[in-house]
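Enquirer: Just dropping this structure here.
The values are calculated or read from the model by the stated rules, or taken from the named source; none is laboratory data. Predicted model, so just to flag it, every value in this text is computed and none were measured. Please note: Cβ atoms are built from the backbone with ideal geometry, for glycine as well, and neighbour counts cover all protein chains shown.
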Amino acid sequence: MGSETQADLNEDQILFYKFYPPSVLMALKNQTLAFTPPKWFNDPFEFLPRIIRDEKSEKLLKDTGNFTKKEAERYRRAVLREHQHHYSKSEFKRLLKQNQTYLQNQIPKEFDTYSQDIATELLNILSESIGVLCLSKSWKNPLMWSHYSAGFQGFCVGYKLPSDSKVLPKLEVSYSDERFPLNETEVLRNRITRELLEGIIARKSLHWKYEEEVRYIIDLSYPKLESNADGSQFYLKHGSLAVQKILLGLRCSQHMRAELCALAKKSYQHATIYNTSPDTHDFDICRTLFYRPML
């Protein structure tokens with residue numbers, strides 16, 4: 001046992017924290033970080049921008065009498081189903097072109113929802129391309145312990161990760177009562193830039209502000225990634241020095257404590273281990289030094 005030093009407190013400023021339930025001890029045993037494709041996130045509002053219609057987008061919609069290939073095929077099959085009249089794809093494409101003005105007037109709702117449909121589809125597109133590692137700036141929030149550490153039964157790891165990496169770019173989450181604004185014109189012209197994508201990825205509802213979240217993004221084509229069976233998680237190996245601190249939950253069992261301490265001494269010789277306890281005055285979490293490596 002022992003007391004914290006100023007160096008301990010300073011180190012907190014450069015670490016990011018991940019909360020784990022007891023069942024995910026394998027993360028430390030295997031020395032892996034888990035990256036999640038967006039469609040597997042627990043918040044249904046994740047990565048859904050707010051589409052803003054303006055004069056430019058209204059003009060584009062009005063002047064555009066063309067259907068996407070997907071929409072055209074859907075209508076071709078509907079004609080066959082309802083009227084028993086078969087058109088080849090090329091014949092139906094010519095038919096759409098010949099009746100462009102008429103179709104615009106008859107089915108404006110198809111165009112009205114087009115951009116919104118694309119924005120929703122963005123979630124699936126991103127899920128095929130990227131994985132996200134979600135970390136917190138703080139280990140102290142009781143809600144984080146409760147929600148992500150099985151009601152304080154698990155543990156929390158302080159990771160030291162690269163601050164500027166091409167493989168793992170970092171985004172700091174911004175919290176707002178509005179979804180990220182995306183001009184419909186950008187969608188219609190297929191001009192969703194990297195900057196806009198990062199804005200969409202980093203925006204979360206104010207309800208989640210307590211998480212103080214930082215996100216690391218990885219390309220799912222990165223060759224060192226390994227996937228689980230259903231593709232909901234992708235794992236990246238990390239070095240032992242990435243783990244700097246391990247905090248034991250308030251309700252962490254004696255067996256779990258022993259396992260974590262043995263694991264740290266074997267694989268993470270640089271890691272400091274802390275006990276946690278409730279503050280005696282307010283709704284805060286305190287920590288006391290449990291084990292410091294002798295290096």
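Enquirer: Can you tell me which of E186, E198 is within 16 Å of S129 (Cα to Cα), part of a helix (DSSP H, G or I), among the charged types (D, E, K, R) and not assigned by TED's automatic domain parsing to the domain that holds Y17?
Expert: Criteria check complete, one pass: E198.
Enquirer: Tell me the residue from S3, S23, S88 that is under 20 Å from L247 (Cβ atoms) and modelled with pLDDT of 65 or more, please.
Expert: Going through S3, S23, S88 in turn, the sole match is S23.
Enquirer: Still on this structure: In segment 172-202, how many residues are under 13 Å from R215 (Cβ atoms) and among the aliphatic types (A, V, I, L, M)?
Expert: Matching residues across segment 172-202 total 5.
Enquirer: Being among the aromatic types (F, W, Y), touching a Lys or Arg at 6+ places or on another chain (Cβ under 8 Å) and within 23 Å of A150 (Cβ to Cβ), is that true of even one residue in segment 215-231?
Expert: No, every residue in segment 215-231 fails to be among the aromatic types (F, W, Y), touching a Lys or Arg at 6+ places or on another chain (Cβ under 8 Å) and within 23 Å of A150 (Cβ to Cβ).
Enquirer: Right, here's the next one. Can you say whether E172 is crowded, with 18+ Cβ neighbours inside 10 Å, over 17 Å from K39 (Cα atoms) and out of contact with any Phe, Trp or Tyr (no Cβ under 8 Å at 6 or more places or on another chain), as far as the supplied structure shows?
Expert: no
Enquirer: Being among the hydroxyl-bearing types (S, T, Y) and without any contact (Cβ under 8 Å) to a residue 12 or more places away in the chain is the filter here, so list the residues in segment 184-214 that pass it.
Expert: Residue satisfying the conditions is T193 alone.
Enquirer: Go through (1) closer than 18 Å to K170 by Cβ; (2) in a loop (DSSP other than H, G, I, E, B); (3) among the aliphatic types (A, V, I, L, M) and name the single condition A229 misses.
Expert: (1)
Enquirer: Turning to a different aspect of this structure: Within segment 123-146, count every residue that is touching a residue at least 40 places away in the same chain (Cβ under 8 Å) and either in a strand (DSSP E or B) or over 15 Å from W40 (Cβ atoms) (or both).
Expert: 16
Enquirer: Determine if segment 162-181 includes at least one residue that is assigned by TED's automatic domain parsing to the domain that holds L260, assigned to a helix (DSSP H, G or I) and at pLDDT 75 or above.
Expert: For segment 162-181, residues assigned by TED's automatic domain parsing to the domain that holds L260, assigned to a helix (DSSP H, G or I) and at pLDDT 75 or above: absent.
Enquirer: Collect the residues in segment 17-40 that are closer than 16 Å to V214 by Cα, touching a helix residue (DSSP H, G or I) at 6+ places or on another chain (Cβ under 9 Å) and of a type in the set (A, V, I, L, M, F, W, C), keeping them in residue-number order.
Expert: Result: F19, L33, A34.
Enquirer: Quick one: A150 ticks every box in (1) surrounded by 17 or more Cβ atoms within 10 Å (Cβ to Cβ); (2) modelled with pLDDT under 95 bar one, so which box is it?
Expert: So the condition that A150 fails would be (2).
Enquirer: Which members of segment 175-214 meet the condition of being surrounded by fewer than 18 Cβ atoms within 10 Å (Cβ to Cβ) and at positive phi?
Expert: Within segment 175-214, N190 is the sole residue that qualifies.
Enquirer: Given the structure, is V187 in contact with a Lys or Arg (Cβ under 8 Å, 6 or more places away or on another chain) and not aromatic (F, W, Y)?
Expert: Spelling it out, it is not the case that V187 is in contact with a Lys or Arg (Cβ under 8 Å, 6 or more places away or on another chain) and not aromatic (F, W, Y).
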